[in-house]
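The values are calculated or read from the model by the stated rules, or taken from the named source; none is laboratory data. Remember, it's a predicted structure, so these values are computed and weren't measured experimentally. Cβ: placed from backbone, ideal geometry, glycine included. Neighbour counts: every protein chain shown.
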Amino acid sequence: MKLHKLCVALSVTLAAGSALADITIGVSLSATGPAASLGIPEKNAFTLMPTEIGGEKVRLIVLDDATDPTLATKNARRFVSEDKVDVMIGSSGTPASAAIAEVANEARTPLVTMSPVSLPAERNEWVFRAPQQNSVMAGALVQHMKAKGVKTLGFIGFSDAYGEDWLNSMTRLADAAGIKIGPVERYNRTDTSVTGQVLKLVTAKPDAILIVGSGSPAALPQTALVERGYKGQIYQTHAVANQAFLGVAGKAAEGAILPVGPIVVVNQLAADHPSKKLGGEFARKYEAQFGAGSLSAFAGHAVDAFRLVEAAVPVALAKAKPGSPEFRAALRSAIESNKDVVGVHGVFNMSPTDHFGLDARSHVLVRIDNGGYKRVDN
């Protein structure tokens, strides 16, 4: 019942009550479960999206997948079989996004994820991403580590696709920079203790430690490391750029360094940064609706996912009508051809070999300082 209530409420709000909207977008996100701190701001952001694209009305159907890949699959199958969506957006976390991607490829329906899910080439044709590729963000961290003389790096990350992709990216980049990774420890999103893993890391005394988690679950190893007296530099990923992580980690988060999208520190961007204007406008609109300090990077990923669709729709409309396989195919091709699409996290230039489309303009390095984010150059 909760899923249907959420769906109906947002459909009515965003489609202005239209029962026969011209362009149908199905969104599956994690409004509950371990990734709720990601999904809730995304859900909020969708209530602020345009109700028309290219002169056509938009029907936006939003469902909660509870951070469960099985439920995410169920949502996606409903979208393609019952709602006949033209495009899907979702999910908030990598495992659920990977599940939706299976349906997208099977149903030949374009998908824009709000997580940086990595897929093999044969499963990538219909899938695009709004967030930064993990390797892009990892590169920013390795550059900082090298500048600070880090030679050994401990690792503790989620034991899922997100953690694995980060480990692979960091291993490749760290090797090239002369940084040795180890020990490597894992934990689950739902774990309540990481004492054993943290003891191994602290005993090894690496120069720095990278935590690969998201939202509030990433606070668990952060807090444990500080409690155990670890004095080296702690790094986090862009998946902790929200108030949920800051609130749970509290003072233990102070000094942690992470790469974030431009929207997170939009007021600290140079005047000529391409995301400065759009990001500033969205930040003001979002916080006016949901409260001062409520904006997070994840709301920005929702904006950028919609932006990618919005930029592609006029091109697809010139070739086919919404609701048809031809339109879905044209929309997929148009998203893949998106060039210089300005988002709140950077500028997108998609191609057949790059379904992320973001470059170095999509990240800013920050240090957690007094419960907020302070931009750092080195």
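Within the stretch 335-349, is there a residue that is surrounded by fewer than 24 Cβ atoms within 10 Å (Cβ to Cβ), without any contact (Cβ under 8 Å) to a residue 60 or more places away in the chain and touching a helix residue (DSSP H, G or I) at 6+ places or on another chain (Cβ under 6 Å)? Spell out how you get there, then give the answer.
Initial filter on the stretch 335-349 (surrounded by fewer than 24 Cβ atoms within 10 Å (Cβ to Cβ)): 336-342, 347, 349.
From what's left, without any contact (Cβ under 8 Å) to a residue 60 or more places away in the chain: 337-341, 349.
Subsequent filtering for residues that are touching a helix residue (DSSP H, G or I) at 6+ places or on another chain (Cβ under 6 Å) retains 338, 341.
Yes, some residue in the stretch 335-349 is surrounded by fewer than 24 Cβ atoms within 10 Å (Cβ to Cβ), without any contact (Cβ under 8 Å) to a residue 60 or more places away in the chain and touching a helix residue (DSSP H, G or I) at 6+ places or on another chain (Cβ under 6 Å).
Among (1) at pLDDT below 95; (2) more than 24 Å from Gly26 (Cβ to Cβ), there is one condition Phe298 misses while meeting the rest; what is its number?
(2)
Can you spot a residue in the stretch 221-232 that is in contact with a strand residue (DSSP E or B) (Cβ under 6 Å, 6 or more places away or on another chain) and under 21 Å from Gln132 (Cα atoms)?
No - not one qualifying residue is present in the stretch 221-232.
Matching residues to (1) hydroxyl-bearing (Ser, Thr, Tyr); (2) over 17 Å from Leu358 (Cβ atoms); (3) surrounded by 23 or more Cβ atoms within 10 Å (Cβ to Cβ):
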residue: Pro120; (1), (2), (3): no, yes, no
residue: Val136; (1), (2), (3): no, no, no
residue: Lys146; (1), (2), (3): no, yes, no
residue: Leu153; (1), (2), (3): no, yes, yes
residue: Gly157; (1), (2), (3): no, yes, yes
residue: Gly163; (1), (2), (3): no, yes, yes
